[in-house]
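The structure appears below as structure tokens.
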Ligand code: SF4
Ligand code: SF4
């Protein structure tokens with residue numbers, strides 16, 4: 001494990017421009033993007049009071065997100081320690097498979113509007129901002145993760161992504177995994193077949209065979225990260241909450257980009273500190289602050305808008321039933337498998353439990369929302385869909401009914417990545433917090 005602080009200090013002195021140019025990026029546009037994200041990070045995260053000291057690691061991650069981390073991955077590839085960089089956009093792409101085949105898995109940028117005019121030459125205007133964002137980051141050449149990815153793995157989940165990947169396949173080396181949309185014994189078998197096909201495709205890309213030993217180690221690495229996140233999440237049941245929703249969200253966002261072993265160490269340090277804070281009654285918000293469970297569409301970096309509004313309004317987000325939340329870490333892969341086949345099955349089974357709204361019915365998600373709201377002592381549920389996301393918009397009615405039956409106040413929000421609705425959202429959220 002390396003010392004991240006030293007790395008970042010060294011990174012501050014390093015000239016990253018030749019690296020970005022060699023990746024074919026639009027460097028002046030990228031400078032603008034980094035400037036805007038840096039400003040936003042300062043306003044949203046560094047302005048928080050009473051943050052756990054261990055969240056400093058997250059500041060280091062963001063400082064190096066487009067610089068030091070990219071160099072680290074490229075250096076690993078150059079030295080042969082890693083074979084290829086493999087990007088993806090969805091929780092359904094098993095990181096264990098990429099790692100076991102010698103690759104570095106990365107989540108690709110999709111949390112901000114970029115090059116929208118260019119995107120709308122290829123995709124309809126009424127497309128969800130997450131999809132437009134990843135197309136815009138590619139068309140605008142401002143994402144060093146996609147530019148350094150040797151292979152991008154898409155997944156046939158929602159209709160928007162499915163069709164957008166047909167376009168993305170004209171831009172990058174792409175492989176798309178098929179995801180069923182119902183949960184039953186037959187579709188599980190189909191999914192196991194897809195997982196095997198994916199493993200073969202990744203092996204072909206990296207030139208490295210997945211062995212029982214490499215797969216076992218990769219399962220343990222990913223599970224250790226999940227165990228650390230579970231520990232941190234459990235501390236948020238305390239009142240006052242020891243860590244903000246913003247920092248918790250950023251921790252999961254970092255998990256898609258940062259070195260897994262180093263990040264796991266940092267999350268365990270955050271969990272240690274938050275367990276102590278919970279025992280001492282130390283919080284990031286005052287005791288009695290209104291506690292919110294977030295559920296809905298994922299929030300990719302740098303989409304911090306809604307959490308910032310909730311927490312600036314005096315609430316505190318204590319849990320996230322989302323792909324940038326509990327769905328990422330709540331279930332582990334069974335570690336008892338000994339052969340590659342057994343372990344691929346265990347991976348398929350674990351990922352099949354991710355309750356994306358593409359599944360019908362999606363009762364597991366509804367049960368998780370109510371269970372989490374109770375376990376984390378939430379006062380209310382805020383359910384959010386990105387604009388034009390039919391799946392989460394439609395499922396919000398079922399979520400609302402379940403919240404009502406459980407006696408938990410509920411609010412639904414539809415938003416995008418722009419700031420135009422920030423004032424209106426603040427007013428609605430303040431009113432919601434008031435009535436809790
Ligand atoms: S919400 Fe569904 S499509 Fe989106 S990342 Fe999660 S599993 Fe993938
Ligand atoms: S937010 Fe909805 S429409 Fe957008 S990519 Fe995710 S599931 Fe698809």
Strands (runs of 3 or more DSSP E) fully within segment 73-171 counting 2 or more residues that are within 16 Å of ligand 2 (Cβ to nearest atom) and farther than 17 Å from residue 259 by Cα: 151-156
Which numbered condition residue 90 misses (of (1) more than 15 Å from residue 145 (Cα to Cα); (2) surrounded by fewer than 23 Cβ atoms within 10 Å (Cβ to Cβ); (3) in contact with a strand residue (DSSP E or B) (Cβ under 9 Å, 6 or more places away or on another chain)): (1)
Return only the number of the condition from (1) out of contact with any helix residue (DSSP H, G or I) (no Cβ under 7 Å at 6 or more places or on another chain); (2) crowded, with 24+ Cβ neighbours inside 10 Å; (3) part of a helix (DSSP H, G or I) that residue 284 does not satisfy. (3)
Give the number of residues within segment 259-293 that are in contact (Cβ under 8 Å) with a residue 60 or more places away in the chain and under 13 Å from residue 234 (Cα atoms). 5
Can you tell me how many residues in segment 348-395 are away from ligand 1 (no atom under 12 Å from the Cβ), within 17 Å of residue 187 (Cβ to Cβ) and more than 19 Å from the chain's Cα centre (by Cα)? 6
Subset of segment 160-171 [over 24 Å from residue 350 (Cα atoms) and surrounded by fewer than 18 Cβ atoms within 10 Å (Cβ to Cβ)]: 163, 166, 167, 169, 170, 171
Test result for residue 410, under 26 Å from residue 123 (Cβ atoms) and within 24 Å of the chain's Cα centre (by Cα): no
Residue 275: assigned to a helix (DSSP H, G or I) and in contact with a strand residue (DSSP E or B) (Cβ under 9 Å, 6 or more places away or on another chain), yes or no? no
Which listed residue, of 233, 214, is at pLDDT 95 or above, surrounded by fewer than 22 Cβ atoms within 10 Å (Cβ to Cβ), on the phi < 0 side of the Ramachandran plot and not in a loop (DSSP other than H, G, I, E, B): 214
Exactly one of these conditions fails for residue 330: (1) more than 30 Å from residue 435 (Cα to Cα); (2) in contact with a helix residue (DSSP H, G or I) (Cβ under 8 Å, 6 or more places away or on another chain); (3) crowded, with 19+ Cβ neighbours inside 10 Å. Give me its number. (3)
Can you pull out the residues in segment 75-97 that are at negative phi, out of contact with any helix residue (DSSP H, G or I) (no Cβ under 6 Å at 6 or more places or on another chain) and more than 16 Å from ligand 1 (Cβ to nearest atom)? 75, 76, 77, 78, 79, 81
How many residues are within 19 Å of residue 128 (Cα to Cα) and either free of Cβ contacts under 8 Å to residues at least 60 places away in the same chain or touching a helix residue (DSSP H, G or I) at 6+ places or on another chain (Cβ under 7 Å) (or both) if we restrict to segment 342-381? 2
Restrict the check to segment 42-56 and report whether at least one residue is within 16 Å of ligand 1 (Cβ to nearest atom), modelled with pLDDT of 95 or more and assigned to a loop (DSSP other than H, G, I, E, B). no
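Conditions (1) buried (at least 22 other Cβ atoms within 10 Å of the Cβ); (2) away from ligand 1 (no atom under 16 Å from the Cβ); (3) within 19 Å of residue 356 (Cβ to Cβ); (4) modelled with pLDDT of 95 or more, marked per residue:
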position: 158; (1), (2), (3), (4): yes, no, yes, yes
position: 178; (1), (2), (3), (4): no, no, yes, yes
position: 187; (1), (2), (3), (4): no, no, yes, yes
position: 190; (1), (2), (3), (4): no, yes, yes, yes
position: 204; (1), (2), (3), (4): no, yes, no, yes
position: 208; (1), (2), (3), (4): no, yes, no, yes
position: 221; (1), (2), (3), (4): no, yes, no, yes
position: 250; (1), (2), (3), (4): yes, yes, no, yes
Within segment 307-327, take every residue that is away from ligand 2 (no atom under 16 Å from the Cβ) and assigned to a helix (DSSP H, G or I) and give me the one that is surrounded by the fewest Cβ atoms within 10 Å (Cβ to Cβ). 312
Checking residue 362 against (1) surrounded by 23 or more Cβ atoms within 10 Å (Cβ to Cβ); (2) within 16 Å of ligand 2 (Cβ to nearest atom), the condition it does not meet: (1)
Filter result for residue 402 (surrounded by 22 or more Cβ atoms within 10 Å (Cβ to Cβ) and more than 16 Å from ligand 2 (Cβ to nearest atom)): no
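The values are calculated or read from the model by the stated rules, or taken from the named source; none is laboratory data. The model shown is predicted, which means the values in this text are computed figures rather than measured ones. In this analysis, Cβ positions are derived from the backbone assuming ideal geometry, glycine residues included, and neighbour counts consider all displayed protein chains.
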